[in-house]
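Here is the structure we will look at, set down as structure tokens.
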Amino acid sequence: HDLNNALSPILMGIELLRHNYPEHSSVITNMENSGRRGAGMVKQLLTFAKGVDGERIPLQLGNLVKEMENIVKSTFPKSIKTAVEIAPRLWPVLGDSTQLHQVLLNLCVNARDAMPDGGVLTIKCRNQVADDLFVSGFPELKPGKYVSIWVEDTGSGIPQEIIENIFDPFFSTKDVDKGTGLGLSTVSGIIKSHGGAVKVYSTLGKGTVFTFLLPVAKGTVQESRPPFVTGMDFSGNQRLILVVDDESAVREIARAVLVSLDFRVELAEDGEEALQQLE
């Protein structure tokens, strides 16, 4: 809670800065990426500490892959080329879109870090009918219908002597300031909680492939929504808003953002003060 309170004013103010200082868009984007990375670390720690139960709805993994492709192309170094292959008529899976987005993001960031001099990141998504022979390579799975996703890089690879440990909590091959050691353990926990399985194949100097499978769900596919709404094409027309929050920094940045959108704003730090103002 305290960490999110520290990050909220930063993330809330990003759009305001971008609107007021368009000539500094690259600097502001770097600030935004760093803020979201911090927020992502908080989310990852909470997922690891509290478990990975969440709302499960039928969804299309192809849509999540497309969203991830946009993120990769807009934020990864230009020396990393991206190839995406999404099979037509993918079956829906039953899942939490936020958690599965986190899985894809973790795997793509690991791929990026394994290619400091550039390379190719490939994401494949397809239907998979798993028979007895196929599931013999995935002891957690039963024969049936699945959707599989491959995240493949052409990077440095993982030494065979440590590949069995990479899903262990706090195990990391990265420098202390570049990784928490929770990324892959969180990936494994999320996939297993969805009834799926994940496997890794790697060759030193040639690259790594992470493959995970999720069971097919029956039901109507619901589209995942983007986590943030951007753009400030909106006017408050001088309507009055009362903002209640116990963090002064959150209140002040909320006031600044809302005033820029042509609202009038009153602030209160708790419910009692808010009720007094309403009276």
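List the GluC sites (Glu not before Pro) within the range 108-173 that DSSP assigns to loop and that have no more than 11 neighbouring Cβ atoms inside 10 Å. Mind showing how you got there, number by number?
Numbers: sites: 140, 152, 161, 164; in loops: 140, 161.
Those satisfying the criteria are 161.
Answer rounded, prolate or oblate for the range 58-146, using the Cα gyration tensor with square roots of eigenvalues a ≥ b ≥ c: rounded when a/c is under 1.5, else prolate when a/b is larger than b/c, else oblate. Taking the square roots of the gyration eigenvalues as a ≥ b ≥ c, the range 58-146 is prolate.
Using a 1.4 Å probe on the protein heavy atoms, what percent of the accessible area of the range 1-149 belongs to carbon and sulfur?
Working: 4590 of 8140 Å².
Result for the range 1-149: 56 percent of the exposed heavy-atom area is carbon or sulfur.
Computed on the range 100-149, with alpha-carbon pairs under 8 angstrom and 6+ residues apart, the relative contact order is 33 percent.
What whole-number value in Å² describes the accessible area per residue of the range 12-136 for a 1.4 Å probe? It amounts to 54 Å² per residue over the range 12-136. Pairs from the table (81/142; 43/73; 73/142; 81/218; 78/145) lying more than 32 angstrom apart at Cα are 81/142; 73/142; 81/218; 78/145. Working from label points 7 Å from Cα in the Cα-to-Cβ sense, the residue 238 to residue 117 distance is 6.4 nm.
Maximal additional length on extending the residue 23-residue 5 stretch stands at 3.6 nm, based on 0.36 nm per residue less the C-alpha distance.
The values are calculated or read from the model by the stated rules, or taken from the named source; none is laboratory data. Owing to the predicted nature of the structure, the values given are computational and were not obtained by experimental measurement. Please note: Cβ atoms are built from the backbone with ideal geometry, for glycine as well, and neighbour counts cover all protein chains shown. What goes into the accessible areas is simple: the full protein's heavy atoms, side chains included, and nothing from ligands, DNA or RNA. Shrake-Rupley method; radii C 1.70, N 1.55, O 1.52, S 1.80 Å.
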